[in-house]
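Comments concern the structure below.
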Amino acid sequence: MQRSLNSGYVISSLVMAIGITSPLTFAKIGWAQTIDQSTQPNRVLYYAWQAQTAWLPPELPNAELPDAELPNFESSKLASEIPELEMAETTPDLAAAVAGSNTGSNTGSSGDFADNLAAPIGSTPSSAALSIPNLNPTVVSPLDALGSATHPLLPTRPAAIVQNLPPEEVDFSDEMEPVESEAETAAEPEPLLLDGVAPSDTGQTIADIEVRFLDENGEIEEGHTRPSVYLREFDLEPGTAYDEVEAQHGLDRISRMPIIRLADVVLEPAADPSQVTMVVLVRERRTPLIIGLESVSPSPSALEGPFQQNPVLGRGPNQTTGLSAVGSVQFLNLGGNDQSLAIQLEGGETAFNTELSFVDPWIGNDPTGIAFNLFNQRSVQRVFAEGNRDVDLPNKNTPWVHRFGGGIQVSRPVAEDWGLAVGINYQQVSIHNSAFETERFDRDELGERLIVSDDDFDDLLTVQFSGDFNQIDYLESAIMPAPLFDLPPEPIAGPRFRFGVDQAIPIGDASIAFTRFSANYLHYLPLDLFGFTEGPRTLVLNAQTGAMFGDIPPYEAFGIDAGPLDSYANSGLASGSRFALAVAEYRFPIANFRLIRRDVELGGVLFSGFASTLGSADEVIGDPSVSRQKPEDGLIGGVGLRARTAFGLFRVEVSINNDGNAQLVITGGGKF
């Protein structure tokens, strides 16, 4: 069948080179279709096809132009073996050249191509070359021009199989952008690096302060937070002189916000040369929902609860180490105001704890924050467990402490690294023989008191005051957290000091009154002793102490085998009205690898610690440690592994105490 130029479809050339090298025949076929400029202007498609097959027709149909038809690959066995298609866009000059419009520099005429096309398979076609006028002075053969993926005029296109279609049915939707030149590539701006370091002083006045939200590629996007939430963290405003120190302080505060991944400050020229525009760049979390494997309660905290961060001896009341799992679901940035709501759960053989908490770090335009919580804790506390003598309830079950209560606190930063909080808490405390039994007990099998009241429960009302001085430097992990999970940064250097003062106000039948002081000093020191791969090498030093005066309920006493010494083996240590503790730990990298398509940073730890009740175990109501014959001081040492994964931090350690007893402990989250 013959197609005319007026119909918009012309076969310009068909070129074939065949070589017989074995029983298999290698064929390289190229052809070009010129599309009428009235329908597809300035476009020429080139199809290049390479295949190896054990069968080819003995002779192609008559290819005399312009009456020839393209081979019908739709019904051919050969069509199923087409491996790839390469396409390119060009100009009318190239179209004319392929159609036979070449001049002078060609070694053969366009008629030679038609003669060669009609030659039988196996014969040697005459050589021909194609000169591309006004585009490229290089002389190339038609097959090279059609088949080359690296030719400057033929950028690589996605592979596809194109049938013999009329021009109106040809699909150009899968075309790629033209290959950029080296000059164009070099001119592209590099990705913006958010290093968290404020620019140096320039002596210029701030004309305006803007907030820009960036995506993972550094492109500007719409943020999830009101810009004023970030601007209020800076003590700078338009009309004041730019100050590097103040800018860095505001940047540090923003970087600590839970909704932030990365943040930075840049200066841009303003209309007035004596002024600059300060731009705050933020990259927020992709989702406001976070799932974690450790407590998300902020510090300082003046709230009671199983997941609150006590100044000393870890979180919450000192419960026993058993097989359990901790999880939290945190909803960040409620209403775009940096408010958060958290639900935290723990379940296991010795604990069933729940807590709901809400935090608003600002009240209106004032940096005073407010928080409240409700909790229900049911656990076996260390004070009533373990020891060289087993003391249970009268029914021979282990005592479970049930606490139900809540509190409210206000907090405020008082200096760049200082934060203070004050709160009031109420809880009802009772003793049961399991997590879900309703029967209550006030004494153990020896007749010793488990609670202060003669009723079934104690009412405990406390006013608490706490402070947190934090100058720790953190290292963001290169591991990408799993969707919805959070991976806290690694502390590598700097000090932290926390303290607390609690006052119990007498209420109810128990009428409990006590005063409690506690203090905790922690320091991370970079120390390159040894390691087996890239990563931080850190010496961690920790010292804690505390004292109570007045009525000391057993469930409120200091349990010294908690916190950093929670792996003290077997018999545990006593609880008292006073204590002192010191721990040293060295952390070093071991290996970085991938496991189940996730990155893992594996590190090792060496640790040692000492703790003592300072002879105060007999000052606790009911003498729980004395009746259970627990030692009042102890020394431990051990080794362990720390694995930072896309799902959080996990720790496995083996310790041995001064009595020679060993214990294996597996935990999630940080130790200090």
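The values are calculated or read from the model by the stated rules, or taken from the named source; none is laboratory data. This is a predicted model, so every value here is computed, not measured. Cβ placement follows ideal geometry from the backbone for every residue including glycine, while neighbour counts extend to all protein chains displayed. All accessible areas refer to the heavy atoms of the entire protein, side chains included, with ligands and DNA or RNA removed. Shrake-Rupley method; radii C 1.70, N 1.55, O 1.52, S 1.80 Å.
A few notes on this one:
- Phi to ³J(HN,Hα) by Karplus 6.51 cos²θ - 1.76 cosθ + 1.60 over the range 513-520, Hz, x for Gly, Pro: 9, 8, 10, 10, 10, 8, 8, 8
- Applied to the range 589-604, the Karplus parametrisation 6.51 cos²θ - 1.76 cosθ + 1.60 on θ = phi - 60° returns per-residue 3J(HN,Hα) values of x, 10, 7, 10, 8, 10, 9, 6, 6, 10, 6, 9, 10, 9, x, x Hz, with x for Gly and Pro.
- Rounded if a/c under 1.5, otherwise prolate or oblate - the range 570-620, Cα gyration tensor axes: prolate
- Loop-located GluC sites (Glu not before Pro) in the range 311-412 whose Cβ has at most 12 other Cβ within 10 Å (DSSP): E349
- Cα-based equivalent ellipsoid, the range 279-433: semi-axes from gyration tensor eigenvalues, Å: 34, 17, 13
- Here the range 317-456 is treated with +1 on each Lys and Arg Cβ and -1 on each Asp and Glu Cβ, and its dipole about the Cα centre works out to around 60 debye.
- Integer Hz, Karplus 6.51/-1.76/1.60 couplings in order for the range 233-243, x for Gly and Pro: 7, 9, 8, 10, 8, x, x, 9, 6, 5, 10
- Selection among F593, Y555, L565 by position relative to the dipole of the range 552-602 gives F593 as farthest towards the positive end (Cβ unit charges, Cα centre).
- Near V279, once Lys and Arg are set to +1 and Asp and Glu to -1 for all other residues with Cβ below 12 Å from its Cβ, the sum equals -3.
- Amide H contacts under 5 Å for G634, placed H, 5+ residues apart: A611
- Close amide-amide hydrogen proximity is noted between R443 and L450, each under 5 Å apart and 5 or more residues distant or on a separate chain (H modeled in the peptide plane; Pro and chain starts excluded).
- Potential lengthening between D392 and A478 on full extension [0.36 nm per residue; Cα-Cα distance subtracted]: 26.1 nm
- 5 angstrom amide H check on T368, placed H, neighbours 5+ away: I363
- GluC sites (Glu not before Pro) restricted to DSSP loop in the range 488-585 with at most 16 other C-beta within 10 Å: E534
- Annotation: per residue accessible area for the range 441-505 equals 43 Å², rounded to a whole number [probe 1.4 Å, protein chains only].
- Only Lys, Arg (+1) and Asp, Glu (-1) charged, at Cβ; the range 563-649 dipole about Cα centre in debye: 640
- For the range 215-353: accessible area per residue (Å², 1.4 Å): 43
- Accessible carbon and sulfur surface of the range 354-416 relative to its total accessible area, %, 1.4 Å: 58
- Rounded percent of accessible protein surface that carbon and sulfur make up, the range 557-638, 1.4 Å probe: 57
- Rounded Å value of the spacing that divides the Cα centres of the range 351-369 and the range 593-672: 30
- Carbon + sulfur, % of accessible area of the range 199-304 - ligands and nucleic acids excluded, 1.4 Å: 50
- The range 518-567-the range 240-272 distance, computed between alpha-carbon centres (Å): 34
- Straightening the chain between F485 and F593 buys 36.9 nm, computed as 0.36 nm per residue apart minus the Cα-Cα spacing.
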